[in-house]
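To start, the structure itself, in structure tokens.
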Amino acid sequence: MFKNDSVWLGILYGLGLPSLAFLIVEYLKNNVELLRKADLLYIGCVALNFIIFNQASKYYKERTARGILVSTFICALIFAYYKFVS
């Protein structure tokens, strides 16, 4: 999965998986009545980065892991803005 070691690749991985999960969550929230107020699903989208961060750390791809960590903070800030400001 991690052949190159680059911060930009880590940011790409770190923003790609939560973005895909966010689209799935939005689809579910619009189509399932029970999940309309479930904000915990958005936290799960951000928490998915832990899985790929752990994999990058396991294979000693430290620059990629740093990029994933940066994108995790970006996703968390977007979630906080979405939840509390708008």
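Residues in segment 39-71 that are touching a residue at least 40 places away in the same chain (Cβ under 8 Å), among the polar types (S, T, N, Q) and closer than 23 Å to residue 27 by Cβ: 71 only.
Filter segment 26-52 down to the residues that are crowded, with 17+ Cβ neighbours inside 10 Å and either of a type in the set (Val, Ile, Thr) or over 10 Å from the mean Cα position of the chain (by Cα) (or both), then identify the one that is modelled with the highest pLDDT. Outline the logic, then answer.
As a first pass, look at segment 26-52 and keep what is crowded, with 17+ Cβ neighbours inside 10 Å: 29, 42, 45-46, 48-49, 52.
Cutting the leftovers down to either of a type in the set (Val, Ile, Thr) or over 10 Å from the mean Cα position of the chain (by Cα) (or both) gives us 29, 46, 52.
Details: 29: 82, 46: 77, 52: 88.
Looking at residues that are crowded, with 17+ Cβ neighbours inside 10 Å and either of a type in the set (Val, Ile, Thr) or over 10 Å from the mean Cα position of the chain (by Cα) (or both), I get 52.
Among the residues of segment 59-70, those that are modelled with pLDDT of 90 or more and either surrounded by 19 or more Cβ atoms within 10 Å (Cβ to Cβ) or more than 13 Å from residue 4 (Cβ to Cβ) (or both) comprise 64, 65, 66, 67, 68, 69, 70.
Annotation: of all residues in segment 71-86 being surrounded by fewer than 18 Cβ atoms within 10 Å (Cβ to Cβ), among the small types (Gly, Ala, Ser) and at pLDDT 75 or above, the one that is farthest from the chain's Cα centre (by Cα) is 80.
The sole residue among 23, 15, 9 that is crowded, with 17+ Cβ neighbours inside 10 Å, over 10 Å from the mean Cα position of the chain (by Cα), assigned to a helix (DSSP H, G or I) and of a type in the set (A, V, I, L, M, F, W, C) is 9.
The values are calculated or read from the model by the stated rules, or taken from the named source; none is laboratory data. A quick note: this is a predicted structure, and the numbers were derived from the prediction, not measured. A quick note on method: Cβ atoms are made from the backbone with ideal geometry, for glycine too, and the neighbour counts reach across all protein chains shown.
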